[in-house]
Amino acid sequence: MPASHSDIDQSRLARFLGFRLTRAKVQVHRALTSRLASHELSTTDFSALVLIDANPGLYQRQLGLALEISPPNVVPIIDRLVQREVVVRLPSKDDRRMQELHLTDAGRALLKNAEADVARFEQLLEESLTATEQRYIDSALKKLSAFEA
């Protein structure tokens, strides 16, 4: 009979910071993905909507850079959001070869609802930590985000 997850000795793995960070990321991502699923959004879709809303007229290339997604992988994300009629591509006023990204009214409404759910999720995350832990994790995450090996 195979061992269950709780029967497996993971102590050697647990001493590695990278492993623990990945484990925490997977757990948080799973919960966030579940929240966004009710809006038929992936975490990447949500991130794209937030960035487009905050930066009307953003170009696909700029969005890909901000999300650290290669240009060929940004196209299907934007195509999906355009097909849902929550994002539109408009010709750039500066360069007709470029297309600006904008939210539609439906996109703004979707984002408002999704962002409210994400805010409630964030509140639950924050409530799971003390104020001191929140400050430490914010500081640690800033340092780790800038880490280069």
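Values in this text are rule-based calculations from the coordinates and carry no lab data. As the structure is a prediction and not an experimental result, all values here were calculated from the model. All Cβ positions, glycine included, derive from the backbone under ideal geometry; neighbour counts span all protein chains shown.
General observations
- Proximal aspartates and glutamates relative to residue 143, as straight alpha-carbon distance under 17 Å, when same-chain residues fewer than 8 apart are discounted: 133
- Sum of -39500 (n - 2.57) over DSSP H runs of 4+, divided by residues of the chain (222 nm, nearest 500): -20500 deg cm²/dmol
- Which labelled figure in [x] 310; [y] 213; [z] 187 is volume of the Cα convex hull per residue in Å³, once derived from the coordinates: [z]
- Computed lengthening from residue 24 to residue 11, 0.36 nm per intervening residue step minus Cα-Cα distance: 3.1 nm
- Computed packing ranks the peptides 50-60, 138-148, 30-40 as 50-60, 30-40, 138-148, most packed first, by mean other Cβ atoms within 10 Å.
- Axis angle, to the nearest 10 degrees, between helix 131-145 and the longest C-alpha principal axis of the chain: 70 degrees.
- Listed values for the stretch 37-47 are Karplus-derived 3J(HN,Hα) couplings in whole Hz (6.51 cos²θ - 1.76 cosθ + 1.60, θ = phi - 60°), namely 4, 5, 9, 6, 10, 8, 5, 5, 4, 4, 4, and x replaces Gly and Pro.
- Residues 129, 63, 124 arranged by fewest to most Cβ contacts within 10 Å: 124, 129, 63
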